[in-house]
1. State whether one or more residues within the range 320-334 are in the same structural domain as Leu273 (by TED's automatic domain parsing), modelled with pLDDT of 90 or more and farther than 18 Å from Ile301 by Cα.
2. Right, Val309: in a helix (DSSP H, G or I), touching a residue at least 24 places away in the same chain (Cβ under 8 Å) and touching a strand residue (DSSP E or B) at 6+ places or on another chain (Cβ under 6 Å) or not?
3. Could you look through the range 320-346, keep only residues that are part of a helix (DSSP H, G or I) and touching a Phe, Trp or Tyr at 6+ places or on another chain (Cβ under 8 Å), and pick out the one that is farthest from Phe223 (Cα to Cα)?
4. Kindly evaluate Asp288 against the criterion of being out of contact with any His (no Cβ under 8 Å at 6 or more places or on another chain) and within 22 Å of Gly358 (Cβ to Cβ).
5. Out of the range 292-306, which residues are touching a residue at least 60 places away in the same chain (Cβ under 8 Å) and more than 15 Å from Ser83 (Cα to Cα)?
6. (1) modelled with pLDDT of 90 or more; (2) farther than 24 Å from Arg89 by Cα; (3) part of a helix (DSSP H, G or I); (4) in contact with a strand residue (DSSP E or B) (Cβ under 8 Å, 6 or more places away or on another chain): which one isn't true of Ala291, the others all being true?
7. Are any residues in the range 265-284 assigned to a strand (DSSP E or B) and either of a type in the set (Ser, Thr, Tyr) or modelled with pLDDT of 95 or more (or both), and if so, which ones?
8. Can you spot a residue in the range 1-11 that is within 30 Å of Phe179 (Cβ to Cβ), in contact with a helix residue (DSSP H, G or I) (Cβ under 7 Å, 6 or more places away or on another chain) and at pLDDT 90 or above?
Amino acid sequence: MRGKTMATNVIIVGEMHNDLFYECDAYKQIEEALITFITSNKDAIAEMDDEGIHREVHRVLNGLPKKIPGKSYIKRGGNGNNSSELFARLGVPIKLMTVVGRGAGWMIQEMDDLGVDTSCIFQLEETTPISTIIEDPTTTKIFTAANLKAKMNFSSITLDASYFQDSSIVFFTPLAPKFTPILEILQSSRITGMTAVTIERQATPNWKAFMSIMEGVKVDLLFINDRDALYLTGKEDVGAADEILKEYSAMRVYTLGSKGSLIKSEWTRDVALPVYDVPVVDRTGAGDAFAAGVLLKIHEIMQENGHLVEEMETTAESRILEIFREIATFGTAVASLKVSLARTPSSDEVREFISKHGILDG
């Protein structure tokens, strides 16, 4: 049995890279050019074969300007970076564990300024990845530079259990093959902290990729949205997907978009909670904010009672249901404030919001 005295740090394992934002109307120009071509040539298009259509679309695209003017700026990016900033602004002691390349000093300094422990940001003599985010009136697209990100791994870095002794929670966001060595250390060591993971389709695009990381592994907490759960497992509803995913995590938290969230576990009935009704300014980062809120509340509970999963094994079902409602409410409140304020709320703002709107029930 793990002791009641818990370490203070939450360790975030995830990516940090450059995000190059580019505001332009390139996609809008493409859309308008194609619409103009189609509406002006309906009869001719109906007579074209596939080769002719390809040729005409190519001609339309070639007719657009080669150089696209726009407004550009660079920010820190990556799920590890985003979650670390969320936790730090919520007042939780955070350590970021990630791999970066050359020219990343300014990002590390900004993390330091936020109060994030940067002692586990490892720097390689490689190019720091740059994701390019095209923000267009028509759509937003992200070019991920996967070839550069693949080099930001832990294969040349020596890690052992001592890196995690001060952790109450180790959170992988999202879980990816490059983080397998870290997960193996946690599974084989007597670490006092809790292991939580986010599963996203972009990082584990199929069941084979998932199993390359999770075969023989069981974590304490797993976050996944309903769409990714169905895609990953090939099932048609969350209940059926959970019959598979429960083999890999004691607790599973499913986010359901506007329908709220669903917590499934080994200890009690399902807990399904709605969302708060708030005006939405910017949905960006809502999922990260929800997970941060859930883990922040779990972190607080663990400071008082010890390891959450072990506590569940000896806790009355009524209290387990109460805990689940508390953690999901906190996560939903953080996400609600994030999308309505278009910024990360403080811990005090979250508590004030919950005090005003009440604990969610389901």
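The values are calculated or read from the model by the stated rules, or taken from the named source; none is laboratory data. Just so we're clear, the structure is a prediction, and the values are computed from it rather than from any experiment. Neighbour counts are summed over all protein chains in view; Cβ atoms, including those assigned to glycine, are modelled from backbone coordinates with ideal geometry.
1. There is no residue in the range 320-334 that is in the same structural domain as Leu273 (by TED's automatic domain parsing), modelled with pLDDT of 90 or more and farther than 18 Å from Ile301 by Cα.
2. Working: in a helix (DSSP H, G or I): yes; touching a residue at least 24 places away in the same chain (Cβ under 8 Å): yes; touching a strand residue (DSSP E or B) at 6+ places or on another chain (Cβ under 6 Å): yes.
Judged against the criteria, Val309 is a match.
3. As a first pass, look at the range 320-346 and keep what is part of a helix (DSSP H, G or I): 320-341.
Going one step further and asking which of them are touching a Phe, Trp or Tyr at 6+ places or on another chain (Cβ under 8 Å), we end up with 320, 331-337.
Working: Ile320: 18, Gly331: 12, Thr332: 13, Ala333: 17, Val334: 16, Ala335: 14, Ser336: 18, Leu337: 20 Å.
The qualifying residue farthest from Phe223 (Cα to Cα) is Leu337.
4. Working: out of contact with any His (no Cβ under 8 Å at 6 or more places or on another chain): yes; within 22 Å of Gly358 (Cβ to Cβ): no.
Spelling it out, it is not the case that Asp288 is out of contact with any His (no Cβ under 8 Å at 6 or more places or on another chain) and within 22 Å of Gly358 (Cβ to Cβ).
5. Within the range 292-306, Ile298, Met302, Gln303, Asn305, Gly306 qualify.
6. The one condition Ala291 does not meet is (2).
7. Hit for the range 265-284 is Ser265, nothing else.
8. The answer is yes; a qualifying residue exists.
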